[in-house]
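The values are calculated or read from the model by the stated rules, or taken from the named source; none is laboratory data. Since we're looking at a predicted model, the values are computed, not measured. Cβ placement follows ideal geometry from the backbone for every residue including glycine, while neighbour counts extend to all protein chains displayed.
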């Protein structure tokens with residue numbers, strides 16, 4: 001058999017080379033981004049003109065439908081678009097102390 005005809009059972013380009021390495025694997029950070037269906041507990045910091053609560057959470061803006069300023073709510077993320085997420089109230093844990 002010549003060199004061109006010989007078939008190798010192990011291909012370094014398609015096999016898991018890291019498995020044979022003496023160096024430790026570098027751990028990838030877990031993706032903690034917002035996903036639809038996630039349940040969070042949030043404090044409403046701001047309200048827009050439509051009466052929706054606005055919260056900053058992990059460098060993202062969450063808009064909570066129908067939330068009042070200063071209240072603490074449990075929400076479910078319904079939609080994520082870029083760095084903005086939209087949420088619906090599941091339960092109101094505490095209302096604001098003052099009326100605005």
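If a residue must be within 19 Å of the chain's Cα centre (by Cα) and part of a loop (DSSP other than H, G, I, E, B), how many such residues does region 45-64 contain?
Number satisfying all stated conditions: 2.
Specify the residue that is modelled with the lowest pLDDT; the eligible residues are those in region 10-37 that are surrounded by 10 or more Cβ atoms within 10 Å (Cβ to Cβ) and under 30 Å from residue 58 (Cα atoms).
33
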